[in-house]
Structures are given as structure tokens and as C-alpha cells.
Amino acid sequence: MLKLNLKLRQLREDNNMSQAEMSKLLGCSQQTYSRYESHTTEIPLESLIFLADYYDTSVDFLLGITNHNEPYPKNNVF
């Protein structure tokens, strides 16, 4: 199982995105995003959720809890 930082890099590269482009989407600096990928800074929950949605997967997949990369069904509670 890949660690979160390796999955983030792999998914970003698979989508032909640079760290600068991804950092703009997340609203952080490129340095901060680089630290997420190098695992020297913890990624905020809101950013983790955004990335799971952006990559059409689940937070559990990003965190290595599951190997299934399909997103969970969305519940429209409201």
C-alpha cells in the first residue's frame, strides 16, 4: 500500500498536474503542497477531502485504509 504522500504525487502526475497547479486549486503555496507530498507537513482535512473529490476517489484510499479507489456514494442528506 502506498503512503498518502506517494499517492498524492502519483495521482497528481497521472493527471499531468504540477505542484504549482495543484497548490492553486487547494489555495496554498507550492511550498506547502510540496511539503504535503514529502510528508513534512500534515495535510488539512478540508484539503484531503477536496483531493479525494477531485481525483474521484475516497479519503480512505488516499490514507491507505483501502486499496479500492472508487469513491463512496454521496448522501444527499439536505
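At-a-glance table
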{"item": "Criterion (within 9 Å of the chain's Cα centre (by Cα) and among the hydroxyl-bearing types (Ser, Thr, Tyr)) met by exactly one of TYR54, TYR33", "result": "TYR54"}
{"item": "Filter result for THR32 (exposed (fewer than 11 other Cβ atoms within 10 Å of the Cβ) and either under 12 Å from LEU4 (Cβ atoms) or without any contact (Cβ under 8 Å) to a residue 40 or more places away in the chain (or both))", "result": "no"}
{"item": "Residues of segment 49-59 that turn out to be outside any loop (DSSP other than H, G, I, E, B) and either free of Cβ contacts under 8 Å to residues at least 12 places away in the same chain or in contact with a Phe, Trp or Tyr (Cβ under 6 Å, 6 or more places away or on another chain) (or both), as a count", "result": "2"}
{"item": "Boolean, LEU8 is out of contact with any Lys or Arg (no Cβ under 8 Å at 6 or more places or on another chain) and surrounded by fewer than 18 Cβ atoms within 10 Å (Cβ to Cβ)", "result": "no"}
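Conditions tested, residue by residue: (1) aromatic (Phe, Trp, Tyr); (2) at pLDDT 90 or above; (3) surrounded by 11 or more Cβ atoms within 10 Å (Cβ to Cβ).
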| site | (1), (2), (3) |
| --- | --- |
| ASP14 | no, yes, no |
| SER18 | no, yes, yes |
| LEU25 | no, yes, yes |
| LEU45 | no, yes, no |
| ALA52 | no, yes, yes |
| THR57 | no, yes, yes |
| GLY64 | no, no, yes |
| PRO71 | no, no, yes |
| LYS74 | no, no, no |
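The values are calculated or read from the model by the stated rules, or taken from the named source; none is laboratory data. Because the structure is predicted, anything quoted here is derived from the model rather than measured. Methodologically, a virtual Cβ is constructed for each residue, glycine included, from the backbone with ideal geometry; neighbour enumeration extends over all protein chains shown.
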